[in-house]
Every structure is written in C-alpha cells, then in structure tokens.
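What follows draws every value from the coordinates through simple rules; no lab data is involved. No experiment lies behind these values; they were computed from the predicted model shown. Note that each Cβ is placed from the backbone with ideal geometry, even for glycine, and that neighbours are counted across all protein chains shown.
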Amino acid sequence: MSNRPVYPFVAIVGQEKMKLALILNIINPTLSGVLIRGEKGTAKSTAVRSLANILPAIEVVKDCPFQLLPDSAPDVCEGCSRQECGCKSNPPGPVETVHRGIRVVELPVGATEDRVVGTMDLEEALKKGEKRFEPGLLAAAHRGILYVDEVNLLEDHVVDILLDSAAMGVNTVEREGVSFSHPARFTLVGTMNPEEGELRPQLLDRFGLCVHIEGINDPEDRVAIMERRAAFDEDPEGFCEQWNEDSKSLAEKIEKAIALYPQVHLDRALLYEIASYCLDVGVDGHRGDIIILKTAKTMAAYNGRTEALKEDVNAAAELALPHRIRRQPLQNIMLDVGELRRQKQMHPEASA
Amino acid sequence: MYNPVYPFSALIGQERLKRALILNAINPRIGGVLIRGEKGTAKSTAVRALGELLPEIRVVAGCPYSCDPDQPQSFCGQCRNRADGVQVRLRRIRVITLPLNATEDRVAGGIDFNLAVKTGLRSFQPGLLAKAHRGILYVDEVNLLDDHIVDIILDAAASGRNSVEREGVSSCHLSRFILVGTMNPEEGELRPQLLDRFGLCVEVVSEKDLEKRAALMHRREAYDRDPWGFIRRFQAENDNLTRQIVSARSSLKVVSFPDHLRRLVSEICTESNVAGHRADLVIEQAAKAAAALKGHPEVTVEDVQEVAPLALAHRKRETAPPPPPPKHEHNPERPPENPEGKQQEREEHEQPEQDQAHSEGPLETGEAPPSEGPGEAQGNSEERPQARGFDSADQFFDVGETFKVKKFASPKDRVFRRGSGRRSRTRVAQKQGRYVQSTINRNTGDVAFDATLRAAAPYQLKRKNGSGLAVILRPEDIREKIRERRIGNFVLFVVDASGSMGARGRMTASKGAIKSLLLDAYQKRDHVAMVSFRKDDAVLNLPPTASIELAAGLLKEMPVGGRTPLSAGLVKSYEVLRNYLVRDPTARPIVIFITDGKANVALGDKKPLEESLELAVRLAADERIRFIVVDTESQGLLHFGLACKLAGAMNAQYFKTEDLKADTLLNIAKENVS
C-alpha cells in the first residue's frame, strides 16, 4: 500500500465543503464520520484515500490487532491469545508501543459478515485445538477511519452490524462458536451516489456530517484538475514531492487544532441558537444538536480560535443537518439548510 | 469496563423511559420494555446506562447458569451435584447484549469445543440465554433481528427455559430474563408475538424545550471530551438511584395490591380493547414496583394510572370504528351481492378519508355517487396551471393519504438466488447472507468451519496420530453453511392514468395507495419500476431502480387524462418484465396494476376489453411473475367489476384500494391511552 503513492489531499481542486468535513472529523473523531453524496467522478474516493498523508499519529501497542493503548482494555487482553504484542509474555514485561498514523480501513461492499466482525481462527483451532478470535475489519478500524465506498449498496445485514458497533463503540461477537467483544470506535466515512438508492434512516443518522458534492463547472478549475491528474499519473512520486510542503503545513494545522480543541469555548447563548435552529428546521432526535455544537467548536479550533462564533454554528449546521431534517416519506434530502430555515421562519405555519 | 458508559442520572428528560427501566430493575416480573422512537433520542444510551445502576443478586459461585442459592429445587445439574454445598457469591445483575449478527449456536448454546477435543466428551456450552438468566437480555434495533433468532428467544421467554438438542448435545436450563429492546419504527415493525413479550412499551420523542436541549448538548459534549471525569461527577447520583432500587426491591414483596384496583385494571384493559390477559398482569406488577419505589405499602390508583399507559401502548387495539350513519338513509337500494359487511359502509363513498373530513356537511347524507362529490372538488383544486406542454385535458392530482400496506411476498422456495433486500426470504447460493445453520449435505463448498470442528471434536482422542495437529478432520466431518437472506423483489407498478381515474378524486386516493406501496417497497428494499398508460400509449416512466425517492417524485408529477389503453399498458409491462427476467432469471417480480379496468383503446382490431383480457392471460403465463390488481372503481350504483375480471384473467390477487390497508390489529403506541 505504501509503495504506491496516493494523490495528495491538498492537490484536490475545489470541493471545499467535503475537504472541510473530512478535516473536521480528523481533528475531532467524536463527530462520528461524514457521508459524501455526489455524482460519479467528483473525487469522492480520491479524497478519502488521500487522507493517509495528513493524518495525525496515535500511540498503539505494537502488533496489537485491536489498536489498543497499553492497559486501556484489560478485558480484551485477557480474552486475546495473541503472542505478538507481548502483553501475555511471561514474565509480563514492558509492552512496546509505537506511534503510527491513523489508519483508513476500507470496507468493501461485498465484504462478508465474518470478515467484518471477526470469526473463529481456523488455524489455531486445527493446530492447537483451541478457539481463538480472529479479528475482523472492525478491530482494524478502531481509533481510525472506516471507509465504505458506495455505502448505499452495502448488504443489509452488514449495515446492521455497522449500526450495532457504531452505536456502542463496541463490537460484540456471538457467532460461530466465538464469544468475544472488543472496542470498535471509528470514524465512519461513506460515499454514495444517491441515484442508486437512499440509505436507511438509522444508518444515515450515524454519519455526523453530510456533504453533497457536484462536478465543478468553472472551466479554469476543470483544466487544473486535468493538469494535476495527468501530472500525477505521469510521475506520482514527483507530484507528491511537489505538494509535500502543503501537506505538511496542513498536517501541522490539524495537530494544532487537536491541541486547541479542549480550550474552545462556546457561549451559552449560542447553545440556544443551536437548539432553536434544529427546532426550526425540524430534526429528529438530539444527535443533530450535539453534532452542531461539536462541529462549531472544532471549526473554531481549526481556524485557530478559542471562541466559537455564530458563523461557526451556521456553517456547522450546513454540514450536520442536511441528512437529519425530517422529511416527508420518500422526499429527497435537503441541500440548503440555511435557506430552509429562512423559509420556515418566514412561513412558520407551512412547517407545521 | 473498558468502555465508558454515559451515566443514567445525567440523562435529561425522557422521564417515562427512565421510569420504565427502573421499574423493570425493581420487579423483573414486569417482563421488560420496548423502546420505540426516532433516532438520536437516547434509547440505547439509557439502556446501557441502566446496566451501571443494577443491584447485586445472590448466585451460586462458578455456576454458568446463575443458579439462585435460595432456591435449591431449581438448581441446575451441576449445582445439585456439588457435594460440599454451594458457595454464594454476590454479583451485579447483568445486561447481556444480543448482537444482531449472533448465530444460533451462541444464542442457545452448543457443544463445548475445547472440552470435546481434549477429553472426547460431549458437553454443553451455555450460550447467551444461559448468561441472561436472572438478568437483562438487551437487543439493540430489535426489529432487525433475524427471524430464527427471534423464534429461539420467543420460545425461551414463553417457557422460561431453554432446551437445546443439537450437535449431539442435549440440555435444558432455566432462562428467565428481562427482555429490553430498542427500535426505530422507520425500519419496520416487530412481529406481534415478540411485541407482546415486552411488558412495557415507551415511545420516545426528542425534547422540544430549548432550555433542555441546550443542557443536553452541553452535557453530551462535556462527556465526549472527558468521559471518565464526567462519570465521576455523576457517581453520587447514580449510587443514590441504586440505593433506591435496592430498597424498593426488598420492599416489593410486602407491597399489597388492593382488590378494588384489580377491577380498575380490568376496566382499563377492556376499555383499550387489548388482546389477552398479559396487560392486566403487567399493570399489576408494574404498579407494585411503582409503589415500592415510592416506599408505599399499598398500590394506589395513581400508581396504576402511572403505569397503565406503558403497558397498554403496544397492546391497545384500534377500537371499533365510529358507528356509520344508518344504512337505510344512505342507500336503500344497494345491490345485495356486496360481499363485505362492515367495509361496505365505507366503500359506498369514493374516498373514506375525505368523506370523514366532510362528514359534518349536510350534503353528506345524499346519494352515494354524486357527480360533483367532495373528492372531485379537492382534485380540481390541486390542479396545476397548464404548462409544460401537457394538453388542457391533463390534470395533476395530489398524493392522497398513505397507510401501512398488507404484507405480500413471493413464497419461499428452494431456489437459490442472488440479491439483497427485505421482502422475501430465500436461500442464497453465494457465500453471502446470514449464516443460519449448518448442514451435512455438501454442494456449495461454503464450509462451516465452526460446525465442522464441533462435529469432529468428540473423535479427536481416537484419531490422534502424531501429526502435530490438534484436530484431525475427516471428510465426513465437513459441514456446510446454509445462508439465508431476504431479497427485495422487483415491483412493477402499472398505473392507469386515464381520464376515468381522474373522476371524483380517484387518482388522489390511488396515488396515496401507490405511495403507501412505495413506502413498503422502501422498507423491504425492493427495486421498483413504473409504467403508466393513458391516451393511446403506455410509457415506462421509471426504469427499474432502487431509488424509491425517484419513483415518489415521479408519482407526484404524473399527469392524468385521456382514454384508457389497457392493452398497451399490458404490453409495456411485459417488455419491462421480460428484460428484467433475462438479466436475472431467478427473480420473482411482483406486478401491481392500479386501474379500474375500463379499457377503451385497443392495439389491434379487436374490442379493447376483449383484447386486454387476452393479453392478460398471455402475460400471466410466466409463472415467475406474481400479479396484484388494485381496483380503483367505486362501489356505486354503476359497478362494472372490470378490474376484477382482469384479475381473474391473470390469476391475480385482487384488492380494493381500501383493502390494501394492513390489519390494524395492533395499533402501535399512541401516547394518549388513559
């Protein structure tokens, strides 16, 4: 994977909203992901894959299949019979940890259930006659990004699993003779083309943010896209080298924002503003409120401020609400949230 | 505990939900709670938070079935054989999560693999139902649980025990658990039997109060920033709640239930028209728990009133419809051959919904087929300004009221097919779908390793041959997976958009019916396509797609007007179906005709009606296709019954628009019960 360079994130032309949503999710993983809706060939997948270059590092136990920190989950280590990490070595020595970038784990649309949640380790069973848990994609995605291309085409029963673990942050496996559970908190990133069918409401709600992207109509930008793509295809290494500075400065900006986030303050009056925003446009549940609050604060941190402003709240609502607004059955997803709010405020009776 | 849990006492609002959970923690005999509600309303959060509050119970140390040391008569085999008496241990009541991907062997239990390999003994390894004994069995998104797992749970819940006969082991143990489930009704409903197993039902909605919403955001964000610190802040309050639960549990035994309240309970239940007696029992138990929580020695009327709505929400049946105006006034010369009894009262009008809206009007008692009924007026009022090149005869009608439609699915057969969805269950041949069972038959190469190993395990001692492998497999051990999943069907809508459909708001009602069917199609993940016919031609408005939104949009825009080329509609549907079946020969399409059957344009020289019936017979020759005819004709004086003939020709299921509505046997969860 690392031997073939990926297209640099910073070299993507336009699609600012999508880029912003992804960056915000990196800064604050509790935003719980982003859904990117749009037509084909709008750099949806490219953007997600290219994140690898700018992701911050985390500390994990070396060779731990569950991406854990030392002593963070004694229950898991107890049930885990891996030898590689040294947790179980005798005598229990100091566990080695490494710093590595956050991972983007891709969930292919055709993935089977057992690969996603994990299953019985066959080799172990045959060789030693013992049941051992073989971790699946959810274990690999813990503390990272789980990326589903064409998420609306995902098998229904795989979606159920995602819902299950996304809700609890834990993957519980009770199948094929194995009983095991391990933490699985991940940022869910999905791309989809709405023409091929909509997502189930429950899954839709699990994505913190939602952006809709379209092809770019500015001829100059289109030319830039072509030029850059051609340059990348011709000489990937050279192209990446060229953008290296920009990538680095973005990565630094992200790390600064992560450090700044805990200090960001949001005025109490703005909390009311958020709540009334959600009530105005009509949102199911409270996840919308919470996500707006977090997004606004993250945005402030990204811009180097310690105070979240009204603009942050408005911009956050644009990202957090499109897929949460209560729709008439079978109605399409709303694109312009701010506009909708203005309409509803002007004609409050129409929204009833 | 490696995962922080949001503290129960930090939850804002949702008082009924919290109350229902606490009552269950006090009195397990209430039988659990079902939490229904829109997404993001702390449904799952509350249940998981409850797990931190639960008090401790006495169990036999080391017993996998959590035997109660105070009830030796119901000990499991192991405990009975403990020679030196049993050791008692205190532990918290457990919340056992049943994940949606659970397989049968883990839910009910199966052979103990490790032991079998090492000793060659077949012994039973307890599953989730054993773990959940005397605890809470929690299913998130319970409406998505697979049917065969639901069957196992129902069985255990009904008998209080779990019997296993599989893989050469046989076992039976107690399994009494509190069933707690959450669901979002948007994803489909629960099976009625399962619904009834839940003692209480709470409908949750989001807070509308700004103050509370703001507080809620604030807390949640604080929690996400520093979960452990947040939990510490609420520890005292949580402990306090636990103490209340513990003391209520101990006083529960002495709480009495006065006789006069029994009568009240039965009156409440009769009034709500509930089925069975479970509601009465649940109310009694829940009221006792409520009294115990308040520290009262006796249940009061308030306690009953407090818990009754929770017990009745999901059991209340629709009360009989308000008595219709007397028959004779209405339509004395009604033809006697009208089949349905109660329904005919409603069908004599074009549109029951709209008639009800106008029922105050004095005109309403007039004859049934008025030429300018209220429906017509409404239809016209929705008419759009003529535009976009439709001619003046074209009309646009609003989409009528939607409702929940009856279940229909292709019959389950033994054909293996591809696809995904939720309507019809089918065996699948690919290595996809849910692994439901293993089989000794071999034909797919999809080896069920777990079942294979379990099959081989007991023989390992005999087979030892120094190969270095712990488990030696023989061909006869191999088991294969049987996978099953629901596939969505392909549903083709064939809509009559001729002028006759426009009369008296028929189209509005029909559009309502179509939209209801589309909604159903969405929940079942069907592919849909839509053909409409009017004037001289039929058009494929919507080629097969999974985007139901597209279909709904189209429905709204559909113009109505002109004559009725039913034959053309039939031919067009045939083309669509043929193409679809070529691509996927195992598909089982469902075709829904929405028409009054009054064909008046032919393709050839024959009479339009005759021709269309002939075509219909030919179309129905393909056994893979199922037909449904929805008759939009009114039950007036002039009744042609042409759609019925069409249905006969195609061997189709025949419905009136009104008949499509699903049985309203269980009117789910209306807040205003009392």
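So here's what we get for this one:
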read-out	value
Rounded FRET efficiency, nearest 0.05, which uses the C-beta distance separating B:ASP239 from B:ARG89 and R0 of 25 Å	0.70
Shape category assigned to region B:186-252 from the gyration tensor of Cα positions, a/c cut at 1.5	oblate
Rounded if a/c under 1.5, otherwise prolate or oblate - region B:13-146, Cα gyration tensor axes	oblate
Residues A:MET299, B:MET507, B:MET501, A:MET226 arranged by fewest to most Cβ contacts within 10 Å	A:MET226, A:MET299, B:MET501, B:MET507
Loop sites in region B:187-277: trypsin sites (Lys or Arg not before Pro), DSSP, at most 16 other Cβ within 10 Å	B:LYS208
Separation in nanometres of the label points that stand 7 Å from Cα toward Cβ, at B:ALA158 and A:GLN263	6.5
Whole-Å semi-axes of the ellipsoid equivalent to region B:559-599 (Cα gyration tensor, √5λ, descending)	25, 10, 8
Radius of gyration and maximum dimension Dmax of region A:269-324, Cα, Å	10.5, 32
Largest-first ellipsoid semi-axes for chain A, taking √(5λ) over the Cα gyration tensor eigenvalues, angstrom	35, 25, 21
Least to most buried among B:CYS63, B:CYS172 (fewest other Cβ within 10 Å first)	B:CYS172, B:CYS63
Among A:ALA125, A:ALA140, A:ALA21, residue whose mean-square fluctuation peaks in a GNM of chain A (springs only between Cα atoms under 10 Å)	A:ALA125
Cross-link pairs beyond the 31 Å C-alpha cut-off, checked among B:LYS288/B:LYS316; A:LYS344/B:LYS656; A:LYS344/B:LYS535; A:LYS310/B:LYS208	A:LYS344/B:LYS656; A:LYS344/B:LYS535
Hull shadow area, averaged, region B:251-312 [alpha-carbon convex hull, nm²]	3.6
Nitroxide proxy distance, nm - points 7 Å out along Cα→Cβ at A:GLU227 and B:LYS607	7.5
DSSP beta bridge pairing in chain A, given as percent antiparallel to the nearest 5	45
Within region B:109-182, trypsin sites (Lys or Arg not before Pro) in DSSP loop having at most 12 other beta-carbon neighbours inside 10 Å	none
Value at 222 nm in deg cm²/dmol, rounded to 500, when DSSP H runs of n ≥ 4 in chain A each add -39,500 (n - 2.57)	-13500 deg cm²/dmol
Phi-based couplings in Hz for region B:293-304 (Karplus 6.51, -1.76, 1.60; Gly and Pro marked x)	5, 7, x, 7, x, 9, 6, 10, 4, 4, 4, 4
Length gained when the stretch B:GLN193-B:GLU56 is fully extended (0.36 nm per residue, less Cα-Cα span)	46.2 nm
Volume of the Cα convex hull of region B:116-194, divided per residue and given in Å³	105
Spin-label model distance (nm) - B:ALA275 vs A:ASP235, 7 Å beyond Cα toward Cβ	7.5
Distant alpha-carbon pairs in region A:180-280 (separation over 23 angstrom), percent	65
Cβ-based exposure ranking for A:TYR7, A:TYR147, in which fewest neighbours within 10 Å come first	A:TYR7, A:TYR147
Most mobile listed residue (A:GLU176, A:GLU198, A:GLU134) in chain A, GNM with C-alpha springs under 10 Å	A:GLU176
Note, ³J(HN,Hα) from phi for region A:39-50, Karplus 6.51, -1.76, 1.60, rounded to Hz, x at Gly and Pro	6, 5, x, 10, 6, 4, 5, 4, 4, 5, 5, 6
Region A:164-175 - phi-based ³J(HN,Hα) in whole Hz, Karplus 6.51/-1.76/1.60, Gly and Pro as x	3, 7, 5, 6, 9, x, 9, 9, 9, 10, 9, 7
Average beta carbon contacts from partner chains per residue of A:279-292, 10 Å cutoff	6
Above-threshold pairs, the threshold being 22 Å between Cα atoms, out of A:LYS127/B:LYS131; B:LYS18/B:LYS294; B:LYS511/B:LYS607; B:LYS511/B:LYS606; B:LYS212/B:LYS294; A:LYS40/A:LYS248	A:LYS127/B:LYS131; B:LYS511/B:LYS607; B:LYS511/B:LYS606; B:LYS212/B:LYS294; A:LYS40/A:LYS248
Other-chain or far-sequence residues with amide H under 5 Å of B:VAL591's (modelled H)	B:LEU492, B:ARG626, B:PHE627, B:ILE628
